[in-house]
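The values are calculated or read from the model by the stated rules, or taken from the named source; none is laboratory data. On a predicted model such as this, the values are computed, not experimentally measured, just so you know. FYI the Cβ positions are ideal-geometry reconstructions off the backbone, even for glycines, and counts take in every protein chain you see. Accessible surface areas use protein heavy atoms only, side chains included; no ligands, DNA or RNA. Shrake-Rupley method; radii C 1.70, N 1.55, O 1.52, S 1.80 Å.
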Amino acid sequence: MREIVLINFKTTGAIYGIGTYLEELIHCLQQLETKITVIELNASQSEIEIEETEIVKKLLFPFPHYVQNDGRYYKRIAALMKQYINDSHGTIFQFNHHFQKELLEEVKIKFPSAKTLFTVHFFQWSSLLGGDV
């Protein structure tokens, strides 16, 4: 069975663009025989939590604001993900935020058989254009 792992960093803005995108993607994926796991970073919980429904399993990871080295944080997250996600050719990790380079690198190390997909939702430099195509 194919497993899709959607990686999200919860922010206020994520409830609009990326949040809507992920909701729609989950809706589409549930029509297929696909196991759906959502990794939510920067969750509001004070400790790691797992929420599971018939459709989606969510792994909620808080982001301690005292963290100075994102690399170490992401290494720990990848190690914890290894307990819940299979490393197989049927596993696809889908990243949605450009600042998760360290996590993407760790996923490639810890899940060498899995595929990774990176979706660009926003270009910071495009705001300088002020809507002028």
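Can you put Leu6, Leu32 in order of accessible area, largest first, using a 1.4 Å probe?
Values: Leu6 0, Leu32 105 Å².
From most accessible down to least: Leu32, Leu6.
For Lys82, neighbours were defined as the other residues whose beta-carbon sits under 14 Å from its Cβ, and their charges (Lys and Arg +1, Asp and Glu -1) total +1.
Ordering of 53-62, 102-111 by packing is 102-111, 53-62, highest average first (other Cβ atoms within 10 Å, averaged per residue).
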